[in-house]
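Just so it is clear, none of the values below were taken in a lab; they were calculated from the coordinates. Owing to the predicted nature of the structure, the values given are computational and were not obtained by experimental measurement. A quick note on method: Cβ atoms are made from the backbone with ideal geometry, for glycine too, and the neighbour counts reach across all protein chains shown.
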Amino acid sequence: MQQATTQLENHSSGVFHADRQRGSVLVAVLAIILVMTFMVTRFMDEAVKDLEYRAIFNEPSDVRAFAYGMLEVALATVQEVALIDEGKLYAGEQGWSDPLSYAGVSIPNGWEVSISIRDEGGKLPLNTMPEELLNKLLEEQLDFDFGTARELSSTLVDWKDEDDSQRLNGAESDHYLRNNPPYRAANAPLQSLEELRLLKVWEDEFFDQDGNPNELFVQLSGLVSVMNTGAVNLNAAPAEVLELLALKDGWQDDYLFDGLEEPYLKNTPNGAGATSGVEISLLRINVNLKRGDVPFFISALVEPKFSIDTASRASASGATSSGMAEGVAKTGSIKEQDSIQFPFKILQLSEYTQGGPDTRSARYSAMDISAESASF
């Protein structure tokens with residue numbers, strides 16, 4: 001009897017042990033299934049993204065055609081609104097800041113499209129601004145002492161002028177040829193703000209030891225431009241630029257936008273010099289496309305080159321919107337290209353950068369315009 005009981009206990013223990021083994025195996029199998037499910041799901045997500053990414057670049061003609069089509073929509077909107085206002089561009093409140101809504105463009109399913117247009121003429125023209133104004137900028141807004149400001153301005157003038165005559169505290173090719181590697185002064189206007197890292201004194205004040213822009217460079221980039229060579233549009237100028245121009249020309253910047261019929265200036269203040277203006281001379285147009293998680297964008301810096309008789313001249317010559325008379329073959333000759341009279345000059349065009357950060361105009365703070373209407 002005792003032997004039978006012992007055998008029964010051993011059998012029960014074996015069954016329990018086998019059940020435990022089967023349970024452990026089941027848990028392990030479920031864990032493996034869970035991991036494999038996660039890996040397959042992750043793989044599928046990555047594969048879909050990869051396919052979308054490849055689709056963008058395997059069909060560049062279609063994507064680029066759509067992107068540049070949106071750029072044309074933006075340009076056409078700006079021109080049409082300007083022609084309504086006698087060929088003048090002052091600010092986005094004229095109605096050109098949202099070209100998609102203005103033109104009633106229908107976006108294809110699966111695509112996200114946004115277009116931003118901003119005035120790039122609100123910054124001081126670094127390549128053409130008077131040296132006196134540059135010194136005021138360096139002292140008043142960037143807090144350089146008198147001596148360092150003169151070193152910076154003299155060095156910049158030497159870098160840009162066409163001769164090799166060194167100014168007091170300046171630097172010409174003789175100085176830069178001693179660097180490792182050696183190079184010469186450009187003797188030409190700056191092509192980009194980053195070029196300042198090559199200049200004596202500027203390289204120490206506006207860049208770190210590795211040549212990367214520091215906080216002072218970021219502050220400078222919000223106040224000056226190498227692309228703008230004309231007057232500053234006071235409607236787009238930040239507060240620091242308005243203060244400098246007011247100090248230079250002797251007008252009051254605190255009340256500049258008070259009592260206007262429109263939310264922007266149409267005339268310069270009394271006493272304003274040639275550096276101050278109220279019309280747009282440069283526009284940055286960014287077109288952002290997105291299909292799934294894959295982005296594609298282009299950025300164009302354009303100079304408006306039109307007047308109120310642009311359309312009337314084309315109409316009087318019997319030209320269509322493409323610049324050709326009805327029924328005439330388009331062969332692309334110089335004469336035919338001239339007849340198009342394209343109302344913009346494209347200064348920069350890129351599919352990789354978006355032209356840097358926006359700079360908030362002092363006008364919006366002064367007039368308490370909402371952020372939504374200010375984002376053009």
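In table form, for the structure just shown:
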quantity	calculated
R0 of 41 Å, Cβ-Cβ distance T229-D293: FRET efficiency to nearest 0.05	0.55
Long-range HN-HN contacts of L124 with modeled amide H, under 5 Å	V224, S225
Gain upon complete extension [E72, L247; 0.36 nm per residue less C-alpha separation]	59.0 nm
Cut-off under 5 Å, modelled amide H: who pairs with I280 long-range	L89, Y90
3J(HN,Hα) from dihedral phi, segment 127-133, Karplus parametrisation 6.51/-1.76/1.60, rounded to Hz, x for glycine, proline	6, 10, 5, x, 4, 4, 5
Convex hull volume per residue for segment 125-227, taking Cα atoms only, in Å³	96
In nm, spacing of pseudo-spin labels at D161 and N267 (7 Å Cα→C-beta vector)	3.9
Label point 7 Å beyond Cα of S101 along Cβ direction - residues of segment 113-149 with amide nitrogen under 13 Å	115
Under the Karplus curve 6.51 cos²θ - 1.76 cosθ + 1.60, θ = phi - 60°, whole-Hz ³J(HN,Hα) for segment 81-88, x wherever Gly or Pro sits	5, 5, 5, 5, 9, 6, x, 10
Distance violations [Cα-Cα > 32 Å] among K200/K248; K266/K290; K266/K345; K136/K266; K248/K305; K160/K345	K266/K290
Under 5 Å, built H, 5+ apart or other chain: amide partners of L347	L301, V302, E303
Computed over segment 62-139, the ratio Rg/Rh where both radii use C-alpha atoms and Rh is Kirkwood	1.16
Table column - 3J(HN,Hα) (Hz), segment 104-113, Karplus curve with 6.51, -1.76, 1.60, x for Gly and Pro	x, 6, 9, 8, x, 4, x, 10, 10, 10
Sites R360 and L34 - FRET efficiency at Förster radius 56 Å, r taken between beta-carbons, to 0.05	0.65
Spatial separation of Cα centroids for segment 119-162 and segment 234-258, in angstrom	18
